[in-house]
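Asker: For reference, the structure I am asking about is given below.
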Amino acid sequence: MLYTQLRAFHAVAETNGFNAASRLLGVGQPTLSMQVAALEAYFGVELFHRVGRGVSLTDLGRQLLRSTRRLFAAEAEAKDLLSAVRDFRLGTLRVGAVGPYHVTEMLAAFNERYPHIHVTVSLGNSRAMLDQLLEFRADVAVLAQTEADPRFHSLPYSRHPVVAMVHCNHRWARRKAVRLHDFAEQGLVLREVGSTTRLAFERALAAAKIVPRVSMEIGSREACRHAVARGIGVGVVSEIEFVPHALIRMVRIADAEIYTYAHAVCLAERRESRLVAAFMTVAEELVKAGQAGVRIIPG
């Protein structure tokens with residue numbers, strides 16, 4: 001109720017009369033008079049001198065007008081801010097990703113459609129990115145293969161085969177492909193537990209009853225690549241994430257279908273949030289347009 005009374009006072013004070021304020025607010029003049037009178041009566045003060053049909057502010061009224069100008073200026077600013085966010089002219093989207101490879105094309109498409117939205121990207125493994133979603137430190141995430149979890153909404157985006165990477169002097173370096181059993185005798189350089197590339201590869205080894213020999217476990221994709229370049233062991237990587245290097249060769253795995261998947265993921269409870277929904281829509285449209293790398297085949 002106080003807000004309505006202050007709005008009435010402010011309109012009368014700014015327009016120097018009840019009739020003008022009535023036209024400004026679209027409220028009847030008797031109603032405005034009652035609202036201002038109720039404000040004065042509640043606080044036991046006089047805000048206007050009433051002279052015939054005219055009004056003039058008391059000293060207290062002039063002080064209050066300075067306050068209501070700040071109040072309604074802040075209200076207008078808040079409305080402008082919310083309208084800008086609503087119309088995608090302002091806002092920040094926080095994106096988590098397992099790497100730049102899948103997320104870049106989504107971000108390019110999103111930026112083209114919503115150029116005024118500020119985007120921040122943090123990188124980490126899938127487990128870390130899911131934690132960021134749960135802790136509201138990220139709005140959306142672009143992850144590799146995800147497990148079914150009702151807390152998350154997941155959009156399948158693309159899939160890519162896992163390949164081996166070896167030093168250029170390794171005996172596999174001139175081969176186009178190797179078989180899964182060939183890995184049994186190799187020292188492996190693998191990502192940390194939590195890497196979906198490692199998980200997919202180890203599942204394939206387990207299905208073939210092969211026990212891996214891990215020479216080194218390293219917490220980043222780049223570090224694994226440098227270890228392979230130093231000849232420490234054989235690495236595995238999603239084909240889309242393979243970066244050409246003078247000392248490294250890519251070798252396919254011939255007898256096993258091992259894939260990493262890209263998913264656009266958000267919290268299920270935030271699925272309808274405007275920025276989140278906008279990003280997910282852009283990703284879905286890329287899939288439908290066939291621009292998301294290797295398409296997911298349903299079933």
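The values are calculated or read from the model by the stated rules, or taken from the named source; none is laboratory data. Values in this document were obtained by computation on a predicted structure and should not be read as measured data. Here the Cβ is made from the backbone with ideal geometry for all residues, glycine too, and neighbour counts use every protein chain on show.
Asker: Could you tell me whether LEU199 is at pLDDT below 90 and not basic (Lys, Arg)?
Answerer: When the stated conditions are applied, LEU199 passes them.
Asker: Continuing with the same structure: Only one residue in VAL103, VAL119 is within 13 Å of the chain's Cα centre (by Cα), surrounded by 12 or more Cβ atoms within 10 Å (Cβ to Cβ) and modelled with pLDDT of 90 or more. Which one?
Answerer: Being within 13 Å of the chain's Cα centre (by Cα), surrounded by 12 or more Cβ atoms within 10 Å (Cβ to Cβ) and modelled with pLDDT of 90 or more holds for just one of VAL103, VAL119, which is VAL119.
Asker: Given (1) modelled with pLDDT under 95; (2) within 27 Å of HIS118 (Cβ to Cβ), identify the lone condition not met by PRO150.
Answerer: Against the list (1) modelled with pLDDT under 95; (2) within 27 Å of HIS118 (Cβ to Cβ), PRO150 comes up short only on (2).
Asker: Looking at ILE240, ILE210, which one is of a type in the set (Val, Ile, Thr) and not in a helix (DSSP H, G or I)?
Answerer: The conditions single out ILE210.
Asker: Can I ask one more? Of these, ARG159, ARG89, which one is assigned to a loop (DSSP other than H, G, I, E, B) and farther than 24 Å from GLY219 by Cβ?
Answerer: ARG89
Asker: If you don't mind, there's one more thing I want to ask. For region 1-46, give me the residue count where each residue is under 19 Å from PHE72 (Cα atoms), under 50 Å from the mean Cα position of the chain (by Cα) and not in a helix (DSSP H, G or I).
Answerer: 4
Asker: If you don't mind, there's one more thing I want to ask. Taking the criterion of being polar (S, T, N, Q), surrounded by 14 or more Cβ atoms within 10 Å (Cβ to Cβ) and in a helix (DSSP H, G or I), would at least one residue in region 53-64 satisfy it?
Answerer: For region 53-64, residues polar (S, T, N, Q), surrounded by 14 or more Cβ atoms within 10 Å (Cβ to Cβ) and in a helix (DSSP H, G or I): absent.
Asker: While we're here: Please state which of the following conditions LEU81 fails to meet, knowing it meets all the rest: (1) exposed (fewer than 15 other Cβ atoms within 10 Å of the Cβ); (2) within 30 Å of ALA262 (Cα to Cα); (3) at pLDDT below 90; (4) not polar (S, T, N, Q).
Answerer: Every listed condition holds for LEU81 apart from (2).
Asker: For region 1-41, how many residues are hydroxyl-bearing (Ser, Thr, Tyr), free of Cβ contacts under 8 Å to residues at least 24 places away in the same chain and surrounded by fewer than 19 Cβ atoms within 10 Å (Cβ to Cβ)?
Answerer: The qualifying residues number 4.
Asker: What is the one condition in (1) without any contact (Cβ under 8 Å) to a residue 40 or more places away in the chain; (2) surrounded by 14 or more Cβ atoms within 10 Å (Cβ to Cβ); (3) under 15 Å from ALA256 (Cα atoms) that SER220 does not satisfy?
Answerer: Single failed check for SER220: (3).
Asker: Sticking with this one: Please give the number of the condition GLU272 fails out of (1) without any contact (Cβ under 8 Å) to a residue 12 or more places away in the chain; (2) assigned to a helix (DSSP H, G or I); (3) among the acidic types (Asp, Glu).
Answerer: (2)
Asker: Looking only at region 166-175, decide whether some residue is part of a strand (DSSP E or B), over 30 Å from ARG270 (Cα atoms) and modelled with pLDDT of 95 or more.
Answerer: Looking for residues that are part of a strand (DSSP E or B), over 30 Å from ARG270 (Cα atoms) and modelled with pLDDT of 95 or more, one finds at least one in region 166-175, hence yes.
Asker: Out of everything in region 122-138 that is assigned to a helix (DSSP H, G or I) and of a type in the set (S, T, N, Q), what residue ends up being surrounded by the most Cβ atoms within 10 Å (Cβ to Cβ)?
Answerer: So, considering only residues that are assigned to a helix (DSSP H, G or I) and of a type in the set (S, T, N, Q), the one surrounded by the most Cβ atoms within 10 Å (Cβ to Cβ) is SER126.
Asker: So, one more: Only one of these is of a type in the set (D, E, K, R), in a strand (DSSP E or B) and over 14 Å from HIS167 (Cβ atoms): GLU257, GLU222, GLU217. Name it.
Answerer: GLU217 is the lone residue from the list that is of a type in the set (D, E, K, R), in a strand (DSSP E or B) and over 14 Å from HIS167 (Cβ atoms).
Asker: Something else now. More than 24 Å from the chain's Cα centre (by Cα) and without any contact (Cβ under 8 Å) to a residue 40 or more places away in the chain: does that describe ARG225?
Answerer: So ARG225 does not fit the description; no.
Asker: Show the residue pairs meeting these rules: Cβ distance below 8 Å; 6+ apart or different chains; first residue within region 185-205 and touching a residue at least 60 places away in the same chain (Cβ under 8 Å); second residue among the charged types (D, E, K, R).
Answerer: ARG191/ARG198; ARG191/GLU217; ARG191/ARG221; GLU192/ARG198; GLU192/GLU217; GLY194/ARG127; THR197/ARG191; THR197/GLU241
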